[in-house]
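Structure record follows, encoded as structure tokens.
The values are calculated or read from the model by the stated rules, or taken from the named source; none is laboratory data. Keep in mind the model is a prediction, meaning the values are calculated, not measured. When we count neighbours, we look across all protein chains shown, and the Cβ atoms used for this are built from the backbone with ideal geometry, even at glycine. Accessible surface areas use protein heavy atoms only, side chains included; no ligands, DNA or RNA. Shrake-Rupley method; radii C 1.70, N 1.55, O 1.52, S 1.80 Å.
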Amino acid sequence: MIDLIAYTAFSLTFAVIFAVAALGLNLQFGYAGLFNVGIAGFFAIGAYTSAILTGPEWASSLGGFGLPVPIGIVAAGVTSAIAAYLVGAAVLRLGGDHLAIATFGIGVSIQIAVTNLGAITNGPNGLFGIPRPFRDGSALLSGNLAWLATCVLVMAAIWWVLAHLTATPWGRTLRALSEDETASAGLGKDVRRFKLEAFTIGSTLCGVSGALYAHFAGFISPHDFLPILTFQIYAMVIIGGTGNNLGTVVGSVIVWVLWSASGAVLGSTLPADWQSKAGALRIILIAIVLLAVLHARPGGLFGERPPGLRRREQATDDASSSNPEVTP
């Protein structure tokens, strides 16, 4: 029973950490319609910022500041916000596929940078000994449960802020931008400013998520921030339902449970010569689940129905009410 509780706490902690990044992406993609494919890059900025500021002194890289973990997490959000503002100011004039290509390139560039800036990030060897709050080795289970509770509180606070923020005229303007950017501009809205604000806030949450990840794992390396991370977080948002914070959190839990459980199953059942292909099979599994959900519910498990579908249903209802012989 204790092993089951420990494994559940371990898995849920990762799911909650990624849910923080997914909430940030949901603000960008679900509300503002920004196709940001550089999520992994901002996640890495947050992770390395907090690790460097709070970690021990490393012989071959920057560190030794020993700041408290909360300060490191806040600094991770600030650093990610600054990076996102600079990036957004340069690329948000693009749209659609062009924005996706630009942000993907930026995300990959950040991952390459942390691989090669050995004097700052220790290069491909990564950073170890990152402070892990509540866990001193003698009470690992209680420490994991305490860190899980901390991550849940952080996620709940972010959820509360986003719920109130998106209910304001600012949030409704983001919705309008995603539906028709030209019409919003015609009504006098500063489209570029609203997009930049949404991009910066969403990327800030990705940086906070990266910091939480670093302090839970205790070790980070460039391999943790490959483009597959962006795919995972997009799957969480889309499966749960874009534009819906509850769906985003539920989707995060579903995707992470599938990811971790499939890894355990494949690792124990596949022959030795197939073990190297287990990672690709896990990606295929998530892709199949994503396609199945989109086929059954195009808006995701908790998402709104597409506007076109709502209009067709309304037209059918109107026709039925005006002509009883029409079958819906």
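Things to note:
- Fluctuation leader among 30, 218, 263 - the chain, Gaussian network, Cα springs under 10 angstrom: 263
- When only the Cβ of Lys, Arg, Asp and Glu is charged (+1, +1, -1, -1), the dipole of the chain relative to its Cα centre reaches about 240 debye.
- As a rough guide to protection, the peptides 44-56, 83-95 ranked by mean Cβ packing within 10 Å, highest first, stand as 44-56, 83-95.
- Residue among 235, 272, 287 with the largest mean-square fluctuation in a Gaussian network model of the chain, springs linking Cα atoms under 10 Å: 272
- Taking a sphere under 14 Å around the Cβ of residue 99 and counting the other residues whose Cβ falls inside, with K and R at +1 and D and E at -1, yields a net charge of +1.
- Helix-derived mean residue ellipticity, 222 nm - over the chain, DSSP H n ≥ 4, -39500 (n - 2.57), to 500: -24000 deg cm²/dmol
- Highest average packing first - 121-131, 59-69, Cβ atoms within 10 Å: 121-131, 59-69
- Averaging the Cα positions of each part gives two centres, and for segment 83-125 and segment 35-72 these lie 16 Å apart.
- Taking every protein chain into account, the accessible area of segment 133-236 amounts to 44 square angstrom per residue (probe 1.4 Å).
- Cubic angstrom per residue, convex hull over Cα atoms of segment 89-171: 164 Å³
- The Cα atoms of segment 2-110 give a gyration tensor whose axes a ≥ b ≥ c have a/c of 1.5 or more with a/b no greater than b/c, which makes the shape oblate.
- Pairwise FRET efficiency - residue 97 versus residue 6, Cβ, R0 = 41 Å, nearest 0.05: 0.40
- For segment 48-88: rounded, prolate or oblate by the Cα gyration tensor [a/c cutoff 1.5]: oblate
- Volume in Å³ per residue [convex hull over Cα atoms, computed for the chain]: 175 Å³
- Relative contact order (percent, whole number), the chain, Cα cutoff 8 Å, 6+ residue spacing: 29 percent
- Projected over every direction and averaged, the convex hull enclosing the alpha-carbon atoms of segment 169-245 yields 6.5 nm².
- Sum of side-chain charges, residue 235 neighbourhood, beta-carbon under 15 Å (Lys, Arg +1; Asp, Glu -1): +2
- Sequence ranges 221-230, 153-162, 205-214, ranked by mean other-Cβ count within 10 angstrom, highest first: 205-214, 221-230, 153-162
- Residue 265-residue 149 FRET efficiency (beta carbon distance; Förster radius 30 Å; 0.05 resolution): 0.55
- In segment 151-212, the portion of solvent-accessible area held by carbon and sulfur atoms comes to 66 percent [1.4 Å probe, whole percent, DNA, RNA and ligands not counted].
- The long axis of helix 2-25 is offset from the longest Cα principal axis of the chain by roughly 60 degrees.
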